[in-house]
Structure formats: structure tokens, C-alpha cells
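A.B. asks: Once you've had a glance at the structure underneath, I'll fire off some questions.
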Amino acid sequence: MERVRRIETWMRLGYAARGLVYLLLGYIALTSNKALSTGETVQAFKHLPAGTILLVLLALGLFGYGFYKIYSAIVDLDDHGDDGKAKVMRGSSALGGLGYWLLSFVALSELTKGDGAAEAGRSSGSGGAQQDAANEVGKAAGGDLLLTIVGIAVLAVAASQFWIAYKAKFMTGLAGAPPWVKPAGQLGYAARAVVVAIVGWFVVQAGVDGERIRTFGDALAMTRSHSDLLFKLIASGLILFGLVSLMIARFRRIADEDVVSRLSAKVHSNGAGRGPFQR
């Protein structure tokens, strides 16, 4: 029970689950020329050997990664601070955590389906949920503007991913990792950033022109339609991103702490007049 209360436990489970998802996503793209979203990739685990066990582990790990990102944002585990830029970074981390909770839900939902429900289930994955959410937002007053702002935010996330790749910021806390992790991570983060940037552009278009919102898989498919070589390079990069995620799960060192005690203290400090993103 003690390990369940430690943030390092959830961090390691989370990075491992993220690594497995991107390994399979990139492998499917590279070997079969299929462009899947992350939600569809999670669903595809069901058809692998020991698929049920893998889905259970993925659901737990993806929940853990989402929890790690949200917890990091709340308590400022990475010491970003409390200025405007820091709050944007912490808010983005929290939103990313919610996205991984959605993937965890996709994994759990897949466990309850029969074998013949795979194709029907594709619309209930993360891509279908994103599309439904975008439709509802677009119908609301000011929804187009909100979608445009969200799209710009996703483009900003893509830019930050490129910066992480260029500066190799993912190497923080990775003492003891093999030498190949740095160049592999730079290529992997850059490949993922390309796809995220395309997704961001899709969301901006949904806000400006009313086009349907498109997923990670749609963005991959667009690269395939423009250049098969580019598609293969990005798929290879996503495999590297998955491998590096596994290395992060193994080697990263963080300021480990008891999450229950820290969150309890945070609640009490908020009760004294502090905001949710203040330390």
C-alpha cells in the first residue's frame, strides 16, 4: 500500500504505458501502412497475445501517467513557479493528464466488449470522443473562437515538444541511461511534435472554417498522403519515442513523495486563501 501512495510509482507505470502505446502505434504504421490514433492503438492491444492482460496493465499505467501529470501541475513538482508562463505550462500538463485518463477509459471499455465489436468500438475511442466534444463546442455560443484558441494551444504544445527535442530536456533525471537514449529521444520527440502540430492546425481549421476536428491518426494519414517516406520516418520516430519512454520509466529520478500527504497539505493551504496552482 505504501508504494501506491508514492508519486514515483505512478510515474514509472505511466511512462511504461505511454511507451507501449507509441511502440505499437509506430510499429503498425511502419509495417502495415495504417495510421491509427492513440485511442485506436489502445484498442488494438486486445488482439495481441495476452491482450486482456495488456489492456488491464495499460488501463492502470495510462491512469497513472494522467495522475502523475495532473499531480505535477497541482503541486508544481517540476518547480515551474507561479508566473503566467508557469501557469500555462502547468495547465497544459493537467490537460494532458486528462487526455491520458481518457485513454485509460478506452482501455477499460475495450475489456467489456466482445471480439466482434472491434470495428464498432473504433468510434468510441479517443478520436470519436474528441469529435463529439468538438461538435458540442462548435454549436455553443463562441464555440468557434474557443476551438481556435484550443488549436493555437495545441500548436504551442507542438512547439514546446520541438524545444524539448532540440534541448534534449527529456534527459533530466536520467543518470545511468544508455548513451543512445539522447539522440533517439530527440528524433522521437521531434516526430511526435510534427504530428501534434498537424493536429493543432486541424483544430484551428475546425474553429475558423467549421471543418471536422481530426485526430492523431488523421494527422499521420495526412503525412502518408503527401509522402510515403515522410510517413515512414515519422512512424520510425514514434517507435523511438516509445522506446525512450520505456527508458524514462526505468531510469528517471524525481523528488518522490507521499501523494496523499502532499495533496492533503495542498488542500489545507488552499483553504487558507491560495489558488490551485500556488505552492
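A.B. asks: Can you work out the Karplus-derived ³J(HN,Hα) for every residue in region 221-231? Use 6.51 cos²θ - 1.76 cosθ + 1.60 with θ = phi - 60°, whole Hz, and x for glycine or proline.
C.D. replies: Per-residue couplings from phi come out as 4, 5, 5, 5, 5, 8, 7, 5, 5, 4, 4 Hz.
A.B. asks: Can you tell me the relative contact order of region 3-271? Whole percent, Cα pairs under 8 Å, sequence separation 6 or more.
C.D. replies: 29 percent
A.B. asks: Given labels modelled 7 Å from the Cα in the Cβ direction, how far is it in nm from Ser269 to Trp180?
C.D. replies: 4.2 nm
A.B. asks: Further question: Across region 3-271, how many lysine pairs, 8 or more positions apart or on different chains, have C-alpha atoms separated by under 23 Å? Please give the number.
C.D. replies: 19
A.B. asks: Considering only Thr41, Leu23, Leu220, whose Cα is most displaced toward the positive end of the charge dipole of region 3-271, charges sitting on Cβ of Lys, Arg (+1) and Asp, Glu (-1)?
C.D. replies: Value computed over the given set: Leu23.
A.B. asks: Quick one: Karplus J couplings for region 79-84, per residue in order, coefficients 6.51, -1.76, 1.60, θ = phi - 60°, nearest Hz, x for Gly and Pro?
C.D. replies: Once θ is set to phi - 60°, the couplings for region 79-84 become 6, 6, x, 10, 6, x Hz.
A.B. asks: Using the Karplus equation 6.51 cos²θ - 1.76 cosθ + 1.60 (θ = phi - 60°), what ³J(HN,Hα) coupling, rounded to whole Hz, does each residue of region 32-45 give in order, writing x for Gly and Pro?
C.D. replies: Result, rounded to whole Hz: 10, 6, 8, 10, 9, 7, 5, x, 5, 5, 4, 4, 5, 4.
A.B. asks: Would you work out which of Leu13, Trp163, Val195 lies farthest towards the positive end of the dipole of region 3-271? Charges go on Cβ: Lys and Arg +1, Asp and Glu -1.
C.D. replies: Leu13
A.B. asks: Using 0.36 nm per residue, how much length does the chain from Arg250 to Thr172 gain when fully extended, once their Cα-Cα distance is taken away?
C.D. replies: Contour length minus the Cα-Cα distance gives 26.8 nm.
A.B. asks: What does the extension gain come out to for His47 and Arg3, with contour length at 0.36 nm per residue minus their alpha carbon separation?
C.D. replies: Answer, rounded to one decimal: 12.7 nm.
A.B. asks: With Cβ to Cβ distances under 14 Å as the rule, what net charge do the other residues near Ala165 carry (K, R +1; D, E -1)?
C.D. replies: +4
A.B. asks: Shifting gears a bit: Need one number: nm distance between label points at His226 and Glu211, each 7 Å from Cα along Cα→Cβ, rounded to one decimal.
C.D. replies: 1.1 nm
Values in this text are rule-based calculations from the coordinates and carry no lab data. Predicted, not measured: the structure shown is a model, and the values here were computed from it. Here the Cβ is made from the backbone with ideal geometry for all residues, glycine too, and neighbour counts use every protein chain on show.
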